[in-house]
Amino acid sequence: MTAPLPFPSLLSVVSSDSWGPSSLPEKYKDVPYTPFVKSERLGRIADWTMSAAQSAKGAAGGSRVGTTAFASSLPVDDEDTFHIVDTRTTQKKPFGQRPRFAPNRDRFVRRDDKWGPGGGQNQPGDRKDGQRGGAKTQQGGRFGGQNTGNRWNDPAKPIVIREPSVNVTSEWEIIDQITSSNLSKLTEDVPEPETIKECGRVRLYDRMFDRITTKTEQKLRRVEKPNFERVSTSNDPIIQQLAAAGEGHVFFTDSILATLMTSPRSVFSWDIVVTKKGDQLFFDKRDNSTFDHLTVSETANEPPSDDKEVPSINSQTSLSMEATVVNALFASHVAKESSRVLSDDADSNSRRYRKFELDDETIVVCRCDLDAAVEGKDENELQFCLLRALHEWDPKTGVNWRKQLDSQRGAVLATEMHDNAHKMATWCAQALLSGVDFIKLGYISRHSVRDPTVHVILGTQQCKPPEFASQMNINLKNLWGAVRYFVDVIRKESDGKYVVMKDPNKPTIRVYRVPANAFDAVEARIPRAFHQYETTEAEAEPLHSELPIEEFEGRRQFS
């Protein structure tokens, strides 16, 4: 019997703290440990710490931990590299056809983790919730393609470059500038007004025009010489007397002061000339400027263009002239021939001089114009008012006044507040400065959209200044904060001439130091077409005259 083969003795290691080997062979000491990937189908031999649910999940999904270079170098099974190739041809659907029984297939789709109607992503111009998306979409909307801003993929609107109200030369020096947003944040305590003097002759308002409707419209009569402009601050003899007597430190007219107050809302360019003499400041409008001309649709979404190469009756310049004339004609039309004398100076327009004391060293004196007055129950009691005209030049640009003025006057007024925010805020500031009892707004429209010289009165509306300011979100403290800023900036400088100008293309207002003879050679910028509204004494029409329709069509157009 042969002897048994020698069998080496096995080295057994007993460990009471763990299961399995307690030491690592030398050849595996430098190899980093990494879990196997999902494709290896490998895992722990036994894991008594994992629950049954976790074990089933791990067996189905494998390890989610990323691999290192060592694990990625392991061979890959042939099963993982096998793919099925689809050789079937897909039939292209005809363009424009939809499934017969799927009219609402895009009714609810997911957009940006939200469920909503329509296809594509909502844009600011899309319709409201509950309606189907469409016109303005991005990648997959109703009309497809990228967002071009309109339904029919029209090209983007060109950037409009506006001209400044006055040319800035190299001799002008910028001493300060401020953005409209920062200017609107300034505040100042509202001073208590004090009436110094009332002058001139005030005309009485005819209450008959309160009953005008779109069905009983009145033709706006033309006068021989409309009063378009007012005397500036330095040329007013009463202000000169008050300045010599030391009644104030800063002098304004109501239109200039209201423009500064509402300057954060302005879009078009304007300029104001300031003269500093010692401790007194005089704010004036520039000679031969268009400062008194009213703007039209200044803050509208699509303001009128001003193409000088192609003259148009609906250009910004032509509409500005038309609105200015309409405003002057309306004030003359609705006032009676009878009037009341406020002082010995009966030949001039009615005006009121008021004083506002910001502090002991800043007393503001402002001349406020009074357009008309209404008799109260007592014949000696007068209620003063401002007369302003809103101008409709094309019914297609907004709300049609002839259709909606009588039934939806609030909507018409809200549209005008949006499209003419700066102009109407200026009117409100003038009413608050002058202390009038109310504002009379007249709704004036062209008799024919192609004739800018013949207009009709469609209605009137009365507003109290405090309520009007509340509707336009006007805060008196912000108005006086803007005035205080410009006064303090110029007061720190030496005596001389300065210009406050709104940038035509940016929401920025700058203060310049200019030479004393800066505007000596400036020519008048009033267009010749402005004089077509003036008539001779023989052509002037009587009050409430009614002309046949044939004469309306024969009016001359703008050149």
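Computed from the coordinates by the stated procedures, all read-outs in this text should not be read as laboratory data. All figures in this text were calculated on a predicted structure; none of them were measured in a lab. Counting neighbours? That spans all protein chains shown, and the Cβs are built from the backbone with ideal geometry, glycine included.
Just order 505-513, 280-288, 209-217 by mean Cβ neighbour count inside 10 Å, highest at the front, would you?
Numbers: 505-513: 17.8, 280-288: 19.4, 209-217: 13.6.
The most tightly packed comes first, giving 280-288, 505-513, 209-217.
Could you pull out the trypsin sites (Lys or Arg not before Pro) across the range 407-450 that fall in loop regions by DSSP (anything but H, G, I, E, B) with no more than 13 other Cβ atoms inside 10 Å? Intermediate values should be presented prior to the final figure.
Numbers: sites: Arg409, Lys423, Lys440, Arg446, Arg450; in loops: Arg450.
Sparse-neighbourhood loop trypsin sites (Lys or Arg not before Pro): Arg450.
To the nearest 0.05, how large is the calculated FRET efficiency for Ser312 and Arg88 if R₀ is 60 Å and r is the Cβ-Cβ distance? Walk me through the intermediate numbers first.
Working: r = 62 Å, r/R0 = 1.04.
Step by step, r from the Cβ atoms, then E = 0.45.
Tell me, what HN-Hα J-couplings in whole Hz come from the Karplus equation 6.51 cos²θ - 1.76 cosθ + 1.60 at θ = phi - 60° for each residue of the range 325-331, using x for Gly and Pro?
5, 4, 5, 5, 5, 5, 5
With r defined as the distance between the Cβ atoms of Glu467 and Glu192 and R0 fixed at 30 Å, what FRET efficiency is calculated, to the nearest 0.05?
On the way: r = 21 Å, r/R0 = 0.69.
E between Glu467 and Glu192, to the nearest 0.05, is 0.90.
Highest mean first, how do 295-301, 174-180 rank when packing is the count of other Cβ atoms within 10 Å averaged over residues?
On the way: 295-301: 19.0, 174-180: 15.3.
My ranking of the peptides, most packed first, is 295-301, 174-180.
With +1 on each Lys and Arg Cβ and -1 on each Asp and Glu Cβ, and nothing else charged, work out how big the dipole of the range 155-311 is about its Cα centre, in Debye to the nearest 20. Could the numbers behind the result be given before it?
Working: 20 positive and 27 negative charges, 170 e Å.
Around 820 debye, computed over the range 155-311.
Say the cut-off is 32 Å between C-alpha atoms; which of Lys185/Lys277; Lys215/Lys285; Lys219/Lys377; Lys185/Lys396 go over it? Each step should come with its number before you reach the end.
Values: Lys185/Lys277 29 Å; Lys215/Lys285 41 Å; Lys219/Lys377 30 Å; Lys185/Lys396 36 Å.
Those over the limit are Lys215/Lys285; Lys185/Lys396.
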